[in-house]
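Input: a single structure, listed below in structure tokens.
Bear in mind these aren't lab numbers, they're just calculated from the coordinates by the rules spelled out. Since this is a predicted model, take the numbers as computed values, not measurements. Backbone-built Cβ (ideal geometry, glycine too); neighbour counts: all protein chains shown.
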Amino acid sequence: MSAAWSESDPIVDIRDVHKSFGPVQVLAGVSLSMPMRSTACIIGPSGSGKSTLLRCINALVPIEKGSIKVRGIEVNDPKVDILNLRRRVGMVFQQYNLFPHKTALQNVMMAPITVLKQDRAEVEERARRLLRKVRLEGKEDAYPGELSGGQQQRVAIARSLAMSPEVMLFDEVTAALDPETVKEVLITIRELAEEGMTCLLVTHEMGFAREVADHIYFTDRGLIVEHGPPKEFFSNPRDPRTREFLGQIL
Amino acid sequence: MDVIYDWFRQLYIDHGINLTIVYDRFDRNRMLGGLWTTIKLSLTCLALSVLIGLVGAWLQGARSVLLRAVVQGYIQFFRNTPPLVQMYFFFFALGSLMPQVRNEFGFTQPMIDNYTWAIISLSFFAGAFNVEIFRSGIEAVPKSTVEAAESLGYTRLQSYIHVVLPLAFRVCLPALNNNLVNLVKTTTLAYAIAVPEMLYVANQIWSDAVNVPEMMTFLLFAYVALVGILVWVMRKWEQSMALPGYGR
């Protein structure tokens, strides 16, 4: 399946994706492609299908038409090896969604042990390293309920990274955080991007998008209305809808 | 020990309170046997009914319409009929259809004895309620938490075992406690098919010693103690599972 894929091909390749929830069309032919080690941000008004698009990429939401390829793996294939797909695609959610009955360290360790059947000692060492990386040294034994939102979100990032993904999806990961803690999460994501992780973010943090992204996509009513490198996109938006949105937000 | 036995014997002579189960060795052994049978019956049914509850709740989320219908039918059947009628049904109706086997003395006997029928019947009875209790807990687990597990590559079974159940348990423990307490008390129904549990043994004793009020009082206190121990254990368990910052 992925034999034909090489590193110079896009790692995420989305073509003409359609998705409806009942009568509501959420995605109306979205195409997007990301080279490896790039960072892209999706911005746009709420309800424009941004989050749905992310959820389609790791098959949390099935698509109706079109094609999504991750590293050459066709997500829409009914015979797709879901585990093989999901271990390559890490996802971080707005509400962190940590496992509340496990400590920070256990949260990071669980999936590699349960899903990938990796050696516990080896996983623990990596988990501790990842928690250090997201600056949570000393919080290993804390339960999610004892951590701040920003700390929980960084545990969630470490939890995803523990699966050694090749693409990370961030779904409005700072939207539930207070302004001071937003920064600590953004710093973590920027470090990841700088290390060469392929990152796709849905975000409302325009400053951050401008700074970290290689490419910006603007969605409205299930379509990508406009996209381009951040400099061009923010300084010279062509589509009136983009201009209106940026005018309201900036 | 003899001092105690004598005291109880004297209690009967002086005040007419006849606790043969203390001073009479034969009755004492009968009652200890009854107590042990009640404890065994309770623990076995407790374990099996919880297992039925866990499996049933898992099957309720299955894709197959047929499987879900079977579970639903099971719940309706066992929840809507009296447990005594169920026990009679198992013992007399199903039991009579079962083949007879020859025992070591050369006599024929039913393949499934009354004690085993009591276990089967009571476990299915309490299990039906446990399915619904676990379902209530499972529904309280946020969808987003399950989604996080899915996005990490968990299969449905893996996320059920490692994420959903541990959280659901914490939510539904109080309801589960209630049902298990009821189960321990319902084991007295095994009396009806001559399982020598405490009530049955007490009946035998009061038939011989004509001490009905004493035995009835003793039974009540014995169940207060048994259920008390169960509740205490469950509470300890509940406390040990409490999570900082979750729930309360």
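Listed values, structure above:
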quantity: Residues of the range A:131-156 that turn out to be in a helix (DSSP H, G or I), within 14 Å of chain B (Cβ to nearest Cβ) and surrounded by fewer than 23 Cβ atoms within 10 Å (Cβ to Cβ), as a count; calculated: 4
quantity: Members of the range A:215-250 found to be touching a residue at least 24 places away in the same chain (Cβ under 8 Å), touching a Leu at 6+ places or on another chain (Cβ under 8 Å) and in a loop (DSSP other than H, G, I, E, B), listed by number; calculated: A:GLY222
quantity: Among the candidates B:LEU189, B:LEU176, residue that is surrounded by 20 or more Cβ atoms within 10 Å (Cβ to Cβ), more than 9 Å from every other protein chain (Cβ to nearest Cβ) and touching a Leu at 6+ places or on another chain (Cβ under 8 Å); calculated: B:LEU189
quantity: Tabulated pairs, the range A:81-93, first at the interface with chain B (Cβ under 7 Å from one of its Cβ atoms), second acidic (Asp, Glu) and assigned to a strand (DSSP E or B), C-beta under 6 angstrom, 6+ apart or interchain; calculated: A:PHE93/A:ASP171
quantity: Test: residue in the range B:130-142 that is within 30 Å of A:MET168 (Cβ to Cβ), surrounded by 15 or more Cβ atoms within 10 Å (Cβ to Cβ) and touching a strand residue (DSSP E or B) at 6+ places or on another chain (Cβ under 9 Å); calculated: no
quantity: Enumeration of residues in the range B:204-237 that are of a type outside the set (A, V, I, L, M, F, W, C), assigned to a helix (DSSP H, G or I), surrounded by 15 or more Cβ atoms within 10 Å (Cβ to Cβ) and over 17 Å from the mean Cα position of the chain (by Cα); calculated: B:GLN204, B:GLU214
quantity: Residues being more than 7 Å from every other protein chain (Cβ to nearest Cβ), within 15 Å of A:PRO100 (Cβ to Cβ) and of a type in the set (Gly, Ala, Ser) - total across the range B:135-173; calculated: 5
quantity: Enumeration of residues in the range A:164-191 that are surrounded by fewer than 20 Cβ atoms within 10 Å (Cβ to Cβ), touching a residue at least 12 places away in the same chain (Cβ under 8 Å) and among the β-branched types (Val, Ile, Thr); calculated: A:THR181, A:VAL182
quantity: Test: residue in the range B:152-165 that is of a type in the set (Val, Ile, Thr), without any contact (Cβ under 8 Å) to a residue 24 or more places away in the chain, crowded, with 22+ Cβ neighbours inside 10 Å and in a helix (DSSP H, G or I); calculated: yes
quantity: B:VAL184 vs. criteria away from chain A (no Cβ under 14 Å), within 21 Å of the chain's Cα centre (by Cα) and outside any helix (DSSP H, G or I); calculated: no
quantity: Residue among A:GLU205, A:GLU194 that alone is without any contact (Cβ under 8 Å) to a residue 12 or more places away in the chain and more than 14 Å from chain B (Cβ to nearest Cβ); calculated: A:GLU194
quantity: Residues of the range A:104-121 satisfying the condition of being surrounded by fewer than 20 Cβ atoms within 10 Å (Cβ to Cβ) and either assigned to a loop (DSSP other than H, G, I, E, B) or facing chain B (nearest Cβ under 9 Å) (or both); calculated: A:THR114, A:LEU116, A:LYS117, A:GLN118, A:ASP119
quantity: Filter result for the condition that a residue is under 28 Å from B:LEU157 (Cα atoms), aliphatic (A, V, I, L, M) and exposed (fewer than 11 other Cβ atoms within 10 Å of the Cβ), over B:VAL65, B:VAL71; calculated: B:VAL65
quantity: Pairs, first of a type in the set (Val, Ile, Thr) in the range B:94-113, second part of a loop (DSSP other than H, G, I, E, B), C-beta under 6 Å, six or more apart; calculated: B:VAL101/B:MET111; B:ILE112/B:MET98
quantity: Flag for B:LEU84 being touching a residue at least 12 places away in the same chain (Cβ under 8 Å) and within 15 Å of the chain's Cα centre (by Cα); calculated: yes
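For (1) assigned to a helix (DSSP H, G or I); (2) crowded, with 16+ Cβ neighbours inside 10 Å; (3) small (Gly, Ala, Ser), each residue gets a yes or a no:
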site	(1), (2), (3)
A:ASP9	no, no, no
A:ASP16	no, no, no
A:SER46	no, no, yes
A:CYS56	yes, yes, no
A:VAL61	no, yes, no
A:LEU85	yes, yes, no
